[in-house]
Every structure is written in C-alpha cells, then in structure tokens.
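All remarks here apply to the structure that follows.
Read-outs throughout are calculated quantities, based only on the coordinates presented, and are distinct from any laboratory measurement. The structure displayed is predicted, hence computed values, not measured ones. Reconstructed Cβ throughout: ideal geometry from the backbone, glycine too, with neighbour counts over all protein chains shown.
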C-alpha cells in the first residue's frame, strides 16, 4: 500500500499536483475524463497535496479504478454501493491511506454499478455539507458519459476536466489537466530548400518547407519589473502558445517563438555575484582540467622527489652523528655510543579557558551551507507543497520553500533546493536540474541564503526521514541536514536575512514548536 508522500507514479498524477491550488476554496468537485483511470490519477495528485492541510476524500463512482483500488486493502469488503443502497455505515467504507490520516479513499464496491442511481443519489448533498463544515474536500471520479452527471456537478462546487473532454455551458471548470503537446522537430534548412526547388511529381506531393531551427534562447533572468512574474497555472497557456506558433511555422508563416518561462523569483532571493554564474563550455572545461591535472601532477612529483632526497640525507647524517666510532689516537680506548634522541611531547596550554577550547572546536567542525538553487516562485502554499513533491520526485536534495510578501500585499512562496558550502557544489545541482529537464529549469539559478529556521537538532540520521514526513504531512517545508557530529538537524526555508524568516517561524510556533533562526549548517542526505 503506497502513501501520498511516496514518489509520483505518473505524469498525470504530477499534473494533478500542479492544479491542486485551484481547489483551496472548494469543498467538493467532480473529476471527469475520457479515460477514467487517468482521471483517478489526476484526482490522487490533487488530493495528495490538499491532504497536507485538511481532510480529503476521493470517491470512485466509475467502478474498481486501478489507482484507487491499489491504495485500499485487497480484502476491503465494502464500497460506496454498499453504503448508498444497502445501509452500510460510511465509516466502514472510508479507508485512510496516509500517515496523517487525512487522505481517504471511497472505493466503488460491488460491480456492475447503476451509475445513474449512484450519481443521482441525495446522499451527495449531505456528504458535501459534512465536508464543507469540516473544511474538507470531496473529489468524485465519475464517468463522463453518464446522464446523471450534470445533476451531480450542479450540486458540487465545480468540475475538473482531464484530457480531451469539455464541460456543459455554464459549468464552473476549476482546472483542466492536460499533458503538454511537444511540437515536431523542424527539418534542416538545406533539406527544405531542396524540397522547394524540386517541383512536385507523381502521386505524392512535395513535403512542406520547414523554417530553420531556431537558436537556443539565452537563459531567462529574473527582473524587478512589476507584473513580470508568471504564475504556475499560466505555464500551460504559454506552452500551448509556443506549440501553436510552431504549428503556424509549418504552414509557412514566420513567428518568433520564445522559451516558455516559469514563475520568476523576487529580487530579495537573488545574489548578483552568484546569479551571474555561467557555465563554461564543456570542451574548454575538459581541456583546462586536463592541463591543470598535468601541471598539478608535475608539482606533486617534484615535491615527492625533494622529500625523498631530503629524508635520505637526513637519515645518513643522523647515522653518522650517533654511530659508534673507534678512537684512532688511543687504540685501547673504549667506544662510547651517543644516547638515543628523546621524543619531545608537546605541552598543552592548561591556562586556556575550557569554554574557548570548546568554541574553537565547534567553529572548526561547523561549516555554513548558504548556497542553494531557486526552482520557482509559487503564489500559494498548496502549490508550493505540490512543487516540493515534484522536485523530490526528481531526487533533488533538501527541497523547501520560503514565504515572502509581495509589494501588492499577497503572499508568495519561493521553492528552493540544496544546501551547499560553496557555489560550485550548487552549480552541480543546477546542472542536474537542467539535465533532467525540470519544468522550471530555464529560470533556475544559484542564490546565497545563509539563514534558515532551525526546528530540531540532535536527531539520529535513521529517524530524520520520519520526522521530515511528519512535518510535510502538515504542510511545513522541513528538510534534514547531517551535521559534523553525525546527527541530523531539521531546517525549514532559506533566507538572506533573519528578519525574512519570521513568517515561517510563526507557522512553526502555531504548530507547537520552538524554532530559532540561525546560520544554516550541514550537508544533504
């Protein structure tokens, strides 16, 4: 049985994660799609993120949907059909599947199902009122072709569409989950020129001319212009516009297609020196590394040869000084050997204060880790939690977010990954983000954020993941770093100044913790 905090299992579930913030103010929604199994995956993606802060239930009204059936016990005796039509208590139908007991699955029960009778039942209204009173969320995965579907949608707060489906006029569409369409790669200019030069002959027309491949645009920078930030929900629209422009190019029109841009990061999270860090060309880097290795090897060989020569000379000199020698002037004289040299034990400074010695040792063992990689700027905490899931699924280390208030007064959340002592280590993570083609890789960059919220310290390494999952289930962006003494510390966020951490400190105090703001130290697991 999986949990909502395990790896994201499909691209559709990831798409549900991304749209989860659209359901923050809802108590009930219907999820429909041309493929019911895919609709169930999207509903799970929405529910996993929403369950971090409130009770969420996913109901299967289609019948034995695989993504939902995999989460409940194989011998589950009851389902919605048993509760709605045969008097079984709804508590016996609800199966919690996460450690925080916030995510509930309502399986369908015995099949075949009378979909019209199930979707048209009056019990949905009472169930929705119960979830609304408890500030919960009810997601109903329903068949798109049912005649009773419109009545159920009118009862709920809206509908989520999955794939190539459309809602009836006047329906409130909360989200439309679709995988991005990747345009076909254009044919090189030389081939298209030949195709244009030769007239069409035979039964097959000449292939259409394609424009030359556009040069890769420069990496997107973050600026301070108001209104420059692009929300996560706008990502699909930008991608669709790029695909439409590419299609227009195939038809013979000329357009300039810019790279789609993820959410921009606010000025406070940027560092001029670090943000301008550029990647050296691979070939020149390899050449430089090769010759640097040759020069370093020559220096090491010379030093080693000098050390060996000096050691041999010192050994011979010592043997001559301490060897027993006969007295050439007095033939019967005794031979007296010099005493062996005495090893000198270094003296300890007993006058030094123990506190000073302890502080010096701690300073030597504590290394700050201020460098991170900024991934995106998300307009809601729910969306930021979903982004954390996405980054963790790509195995990016120490993923967290830092809340801040925009000049307009609204809150926003910067998603950050990694904790490194130098910018070169952070640059290695930035390369991974780009190599794995992360959705916001075009805007990711390195920042120096020395402060973080220290939640707990002195935790055993094998217990740290359990603590992290517990905090993440409450929507608190905790990550663990290994310290010099082998224990783990729990941190949250990353900030340029200690004052910027106060909103996150307030969240942890509301949870009953006693957080402090300090210089971030340690390394990622």
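Any idea what % of Cα-Cα pairs in the stretch 11-177 are farther than 24 Å? Please list the in-between numbers first.
Values: 3434 of 13861 pairs.
Everything past 24 Å amounts to 25 percent.
Please list 410-418, 149-157, 383-391 highest first by mean number of surrounding beta-carbon atoms within 10 Å per residue.
Averaged packing, sorted descending, gives the order 383-391, 410-418, 149-157.
Kirkwood hydrodynamic radius for the stretch 371-524: how many Å is it when counted over pairs of different Cα atoms? Provide the component values of the computation, followed by the final result.
Values: mean 1/r = 0.0649 Å⁻¹.
The answer is 15.4 Å.
How high is the relative contact order of the stretch 371-524, in percent, with contacts defined as C-alpha pairs under 8 Å that are six or more residues apart?
This gives 27 percent for the stretch 371-524.
Let's test the formula: R0 of 41 Å, r as the Cβ-Cβ distance of residue 511 and residue 123. What FRET efficiency results, to the nearest 0.05?
0.70
What is the distance in Å between the Cα centres of the stretch 420-473 and the stretch 133-169?
38 Å
What distance in nm lies between label points placed 7 Å from Cα along the C-beta direction at residue 523 and residue 37?
Once both label points are built, they end up 4.4 nm from each other.
Quick check on packing: order 393-399, 16-22, 485-491 by the mean number of other C-beta atoms within 10 Å, highest mean leading.
The densest-packed peptide leads the list: 16-22, 393-399, 485-491.
Sort the following peptides by mean Cβ neighbour count (other Cβ atoms within 10 Å, averaged over residues), highest first: 124-131, 445-452, 42-49. It would help to have the intermediate numbers written out before the result.
Values: 124-131: 16.0, 445-452: 23.0, 42-49: 29.2.
Per-residue Cβ counts within 10 Å, averaged per peptide and sorted highest first, yield 42-49, 445-452, 124-131.
Determine, for 139, 375, the number of other Cβ atoms within 10 Å of each Cβ, and report the residues in order from fewest to most.
139, 375
D for the stretch 387-474, whole µm²/s, Stokes-Einstein with Kirkwood Rh over alpha-carbon pairs at 37 °C and 0.692 mPa s: what number?
Answer from the Stokes-Einstein relation: 221 µm²/s.
Got the relative contact order for the stretch 11-177 handy, in percent, Cα pairs under 8 Å and 6 or more residues apart?
Working: 336 pairs, mean separation 57.8, N = 167.
Relative contact order, the stretch 11-177: 35 percent.
Distance in nm between label sites at residue 463 and residue 393, each 7 Å beyond Cα in the beta-carbon direction?
If labels sit at residue 463 and residue 393, their model points lie 3.2 nm apart.
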